[in-house]
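Where a number appears in this text, it was derived from the coordinates with a stated rule and is not lab data. Small disclaimer: the values here were computed from a predicted structure and weren't measured. Cβ coordinates were reconstructed from backbone atoms using ideal geometry, including for glycine residues, and neighbour counts include every protein chain displayed.
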Amino acid sequence: MHLTHLSLADFRSYPRAEVVLGPGVSAFLGPNGQGKTNLVEAVGYLATLASHRVASDAPLVRMGAERAVLRAQVREGERQQLVELELNPGRANRARLNRSTQVRPRDLLGIVRTVLFAPEDLRLVKGDPGERRRFLDELVTARVPRMAGVRAEYERVLKQRNTLLKSAAMARRHGGRGMDLSTLDVWDQHLAGVGAELVAQRLALLEGLRPLADKAYDEVAPGGGPVALEYRGSAGEESAGPVGREGYTALLAEALTRSRPREIERGVTLVGPHRDELLLGLGELPAKGYASHGESWSLALALRLASYELLRDEGPEPILILDDVFAELDARRRHRLAELVASAEQVLVTAAVPEDVPEVLAGARYTVAEGQVSHVEGE
Ligand SMILES: Nc1ncnc2c1ncn2[C@@H]1O[C@H](COP(=O)(O)OP(=O)(O)O)[C@@H](O)[C@H]1O
Ligand SMILES: [Mg+2]
């Protein structure tokens with residue numbers, strides 16, 4: 001798939017921007033702080049309903065404006081679709097498909113597919129477990145868009161259950177009789193059921209991702225692997241083997257029962273996919289805390305390349321977005337990455353200077369300066 005048109009209103013630094021795009025490579029060039037990343041961030045947002053840089057929508061709306069609008073014309077084979085998203089920080093976002101129908105934002109998922117590699121991805125390796133859970137869940141959702149609903153439901157149930165646990169903890173502290181905990185049983189069942197669906201999808205994803213990540217790592221850093229992607233479920237899911245959703249539901253329910261006394265003490269849910277960990281390893285060692293800067297970069301890159309291959313094998317080819325990454329890579333990895341991506345249907349690259357974009361990535365060139373995106377003719 002590829003975008004043929006991107007239109008922004010009051011998104012980040014842009015009062016307005018209209019960018020006509022074609023298949024193949026499009027490189028956005030310009031000095032730092034001019035709005036290159038802002039452009040590709042918008043494309044990533046249309047695909048994932050989240051920014052790769054910030055957790056909330058507020059910074060995405062141009063300072064002083066009330067809302068931002070993102071629009072993209074998407075072409076997949078013969079099919080053209082227009083997706084539109086209105087960001088209203090603090091209120092519900094709104095979405096439209098093909099100009100007429102109002103849809104839920106999450107109904108847009110799956111129409112624009114992207115894999116984005118950016119300097120922030122170093123957090124995948126070096127950051128908190130939450131970064132790796134987000135990586136998994138975004139990819140799970142890209143593969144199976146209805147998982148967005150499951151994730152939202154899990155968040156809702158978790159919040160309700162935590163509220164209940166907090167009041168139980170409070171009641172206990174104040175020496176009351178304790179509260180009626182039968183409500184908690186209902187929430188346990190719910191949490192286990194929804195959580196199991198997410199765990200099952202994460203584990204299935206990892207099955208597909210492992211060989212691809214290993215291969216990708218070997219391509220960007222030969223001999224440095226193998227790559228280990230190890231899931232540490234808070235209910236011991238990975239050692240139970242592929243027991244399916246029912247099996248994981250039972251495991252989670254049991255684990256919740258076991259941890260309930262501690263949970264009532266602490267007033268928070270201690271078991272479930274929101275506490276699970278994805279451990280990354282290189283060779284015999286964990287990546288976090290052991291891998292060098294260069295190895296961490298290679299691993300992050302390998303995870304993105306593997307994601308790209310997985311999505312491409314399973315459905316419409318995703319758009320590959322490389323935000324300011326060539327300058328960070330040494331000649332070998334730069335060349336390897338360029339070779340791998342030169343055949344992609346659409347690649348959006350940002351770089352401060354043209355020399356940072358490898359020559360094999362010939363294609364359209366745009367300059368980004370003072371809020372203007374201009375196509376460079378004759379390139
Ligand atoms: N919500 C916003 N409103 C106005 N300007 C913003 C907003 N968010 C970011 N900016 C501006 O956008 C610029 C950064 O753009 P960015 O795309 O990250 O630059 P680069 O070209 O280096 O990738 C900064 O100058 C920042 O002040
Ligand atoms: Mg940038």
Original post:
Of all DSSP beta bridges located in the chain, what percent are antiparallel, nearest 5?
Top reply: 70 percent
**OP:** Calculate one ³J(HN,Hα) per residue across segment 338-345 by plugging θ = phi - 60° into the Karplus curve 6.51 cos²θ - 1.76 cosθ + 1.60, and present them in order as whole Hz with x for glycine and proline.
**Re:** 4, 4, 5, 9, 4, 9, 5, 5
Original post:
Per-residue HN-Hα couplings for segment 185-198, Karplus 6.51 cos²θ - 1.76 cosθ + 1.60 at θ = phi - 60°, whole Hz, x for Gly and Pro?
Top reply: 4, 4, 5, 4, 4, 5, 4, 5, x, 6, x, 5, 5, 5
**OP:** Search the structure for amide H atoms under 5 Å from the amide H of ALA68, placed 1.01 Å from N in the peptide plane, and list their residues when 5 or more places away or on another chain.
**Re:** LEU87
Original post:
Amide H of ASP276: which non-local residues (sequence gap of 5 or more, or other chain) have their own amide H closer than 5 Å, using H built in the peptide plane?
Top reply: SER234
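From the helices alone, meaning DSSP H stretches of at least four residues, give me the mean residue ellipticity at 222 nm for the chain, per-run term -39500 (n - 2.57), in deg cm²/dmol to the nearest 500.
It lands at -14000 deg cm²/dmol.
Restricting things to Cα coordinates, could you compute the convex hull volume per residue of segment 121-315 in Å³?
Taking the convex hull of the Cα positions in segment 121-315, it is 117 Å³ per residue.
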**OP:** Divide, for segment 145-252, the radius of gyration over alpha carbons by 2.2 N^0.38 Å, where N is the residue count.
**Re:** 1.46
Subject >> Residue of GLY247, GLY223, GLY33 that the Gaussian network model of the chain assigns the largest fluctuation, springs spanning Cα pairs under 10 Å >> reply: GLY223
**OP:** Kindly state, to the nearest 0.05, the FRET efficiency for ARG312 paired with GLU265, given R0 = 51 Å and r defined as their beta-carbon distance.
**Re:** 0.60
**OP:** Pop out the ³J(HN,Hα) list for segment 44-50 in order, Karplus 6.51 cos²θ - 1.76 cosθ + 1.60 with θ = phi - 60°, rounded to Hz; leave Gly and Pro as x.
**Re:** x, 5, 4, 8, 10, 6, 8
**OP:** Give me the distance in nm between label points sitting 7 Å out from Cα along the Cα-to-Cβ direction at ALA204 and ALA92, one decimal.
**Re:** 2.9 nm
Original post:
Counting only Cα, what are the radius of gyration and maximum Cα-Cα distance Dmax of the chain, in Å?
Top reply: 22.3, 79
Original post:
Given springs between every Cα pair under 10 Å in a Gaussian network model of the chain, which of ARG156, ARG79, ARG334 has the largest fluctuation?
Top reply: ARG79
Subject >> Under 29 Å from LYS159, Cα to Cα: lysines that are on another chain or at least 8 residues apart >> reply: LYS126
**OP:** Post the alpha-carbon centroid distance, segment 1-17 to segment 228-261, in whole angstrom.
**Re:** 43 Å
**OP:** Return one number: the angle in degrees, 0 to 90 and rounded to the nearest 10, between the long axis of the Cα atoms of helix 293-314 and the longest principal axis of the Cα atoms of the chain.
**Re:** 90 degrees
**OP:** Rank VAL54, VAL25, VAL125 by mean-square fluctuation in a GNM of the chain with C-alpha springs under 10 angstrom and give only the top-ranked residue.
**Re:** VAL54
**OP:** Name the long-range amide H neighbours of ARG113: under 5 Å, sequence gap of 5 or more, or other chain; modelled H, no Pro or chain starts.
**Re:** ILE319
